[in-house]
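Take a look at the structure set out below.
The values are calculated or read from the model by the stated rules, or taken from the named source; none is laboratory data. Everything quoted here is computed from the prediction, not taken from an experiment. With ideal geometry, Cβ positions are generated from the backbone for all residues, glycine too; neighbour counts draw on all protein chains shown.
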Amino acid sequence: MSILHSLSLEIKSKQLELIIVRLSELKAFSGVQEVGLGDGGLIDPPEGYEVLEFGSAAAASFDEHCRKSQGNDDLVRVLLYFELETLNEFSELKAEVGSLLASMKVDISLGLWETLKPEDYLENYKQNSSASEFGDFWVGPPWKEANLRKKYRYVVEPGMAFGTGDHPTTQMCLERLNEIAENEFVVNSFLDLGTGSGVLALHAKRLFPTALAWASDLDPHCAEEFKKTFAMNQQDPASVTVRFGNTAVLSRLRDELKQVDLLISNIYSEVLATLVEDARKLLSPGGIWLISGVLAGKPEQELMDSASKHFQVQERWTQQKLGEEDSWVCLILK
Ligand SMILES: C[S@@+](CC[C@H](N)C(=O)[O-])C[C@H]1O[C@@H](n2cnc3c(N)ncnc32)[C@H](O)[C@@H]1O
């Protein structure tokens, strides 16, 4: 069985990306976890990293973190994981990592190595994944106890897909879905485009049980996570028609779906901007597009420059992520 070692580093936020990218090139590298920033997400090994760049909670939070940390001198603590076949390779690894870090001339204030038993690794991972509570919702991993006072409780295992409930954009979409239902907007069909873990589709299906339900994601890894989310919440994944990977491209989906009353997409604004025309064609007359994943300011402005040709903003909400300055925007477009 392979042996896992962790290296704890305290580094400047702005140097995070450089360090992770360089260290992830090492053969033994097996993951990285941010500690103490609230996410506790894992970034997968290098070959998985590109696939996950747009999708997994960890990769998204990492991207976000890197984007926000340019010029930022804040310290962050990360745990880097390395997997070796034998203990003998450990000293070589330490020397290799040491010289790599030295060659980068970065400021590192902590550099503690630890050899982990598999159960420690799992325990670390669990310790750092927390549940989220907001409004009527509790969303958390299976090993946390749900808050029974919350009306909507969803178990989502942090894994390869975005949508564990800790992100403001997911939270805003969940709450907006409630409002759409409360306002008695008729939803006979919906598509959750970019479903990730499937949590938005799960909630939409609960609110609109008779609707023709669709969910899709370009990232094929989400297929497994989607099934898991539905199963863990005692819902039949077959109650939603899903498309993952190449078959999830919106222009193709349009041929299958024809029209929907509600399109949900929590996807970065740069991507949303490319979907505007297909979204317009996909929506039935009077249909609405619930979007998030948009940062307030320039990204929102740029998105609206393309969207306003076809849509009007019906409502707008914003929410900040703890410890971040920029606000995320959620919009209902009509
Ligand atoms: C920010 S996550 C949202 C996940 C989940 N819906 C939520 O709200 O928490 C965005 C997801 O959209 C997917 N995605 C990105 N561009 C897409 C596109 N053009 N079509 C379908 N899915 C896309 C990504 O793979 C990722 O899983």
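What the table shows:
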{"quantity": "Selected residue (only one of 269, 292 is at pLDDT 95 or above, under 23 Å from the mean Cα position of the chain (by Cα) and either within 14 Å of the ligand (Cβ to nearest atom) or among the β-branched types (Val, Ile, Thr) (or both))", "calculated": "292"}
{"quantity": "Hey, residue 307 touching a helix residue (DSSP H, G or I) at 6+ places or on another chain (Cβ under 8 Å) and either within 13 Å of the ligand (Cβ to nearest atom) or assigned by TED's automatic domain parsing to the domain that holds residue 161 (or both) or not", "calculated": "yes"}
{"quantity": "Segment 128-166 - residue that is of a type in the set (Lys, Arg) and assigned to a loop (DSSP other than H, G, I, E, B) and, of those, nearest to residue 33 (Cα to Cα)", "calculated": "144"}
{"quantity": "Residue check, residue 263 in the same structural domain as residue 317 (by TED's automatic domain parsing), within 14 Å of the ligand (Cβ to nearest atom) and in a strand (DSSP E or B)", "calculated": "yes"}
{"quantity": "Residues being surrounded by 14 or more Cβ atoms within 10 Å (Cβ to Cβ) and either hydroxyl-bearing (Ser, Thr, Tyr) or over 13 Å from residue 8 (Cβ atoms) (or both) - total across segment 105-115", "calculated": "1"}
{"quantity": "Helices (runs of 4 or more DSSP H) contained in segment 1-85 and holding at least 2 residues closer than 18 Å to residue 108 by Cα, modelled with pLDDT of 75 or more and not assigned by TED's automatic domain parsing to the domain that holds residue 220", "calculated": "16-23"}
{"quantity": "Tally, over segment 272-289, of residues that are within 11 Å of the ligand (Cβ to nearest atom) and in a strand (DSSP E or B)", "calculated": "0"}
{"quantity": "Hits in segment 163-186 (condition: closer than 24 Å to residue 223 by Cβ and not polar (S, T, N, Q))", "calculated": "163, 165, 166, 167, 173, 174, 177"}
{"quantity": "Residues within segment 152-179 that are in contact with a strand residue (DSSP E or B) (Cβ under 7 Å, 6 or more places away or on another chain), free of Cβ contacts under 8 Å to residues at least 40 places away in the same chain and more than 10 Å from the ligand (Cβ to nearest atom), tallied", "calculated": "1"}
{"quantity": "Near pairs, Cβ below 6 angstrom, 6+ apart or cross-chain, from segment 234-250 (assigned by TED's automatic domain parsing to the domain that holds residue 218) to any residue that is among the small types (Gly, Ala, Ser) and more than 9 Å from the ligand (Cβ to nearest atom)", "calculated": "240/213; 244/223"}
{"quantity": "Residue among 213, 131, 204 that is farther than 28 Å from residue 250 by Cβ, in contact (Cβ under 8 Å) with a residue 24 or more places away in the chain and either crowded, with 18+ Cβ neighbours inside 10 Å or within 14 Å of the ligand (Cβ to nearest atom) (or both)", "calculated": "131"}
{"quantity": "Test: residue in segment 180-191 that is aliphatic (A, V, I, L, M), within 16 Å of the ligand (Cβ to nearest atom) and more than 17 Å from residue 283 (Cβ to Cβ)", "calculated": "no"}
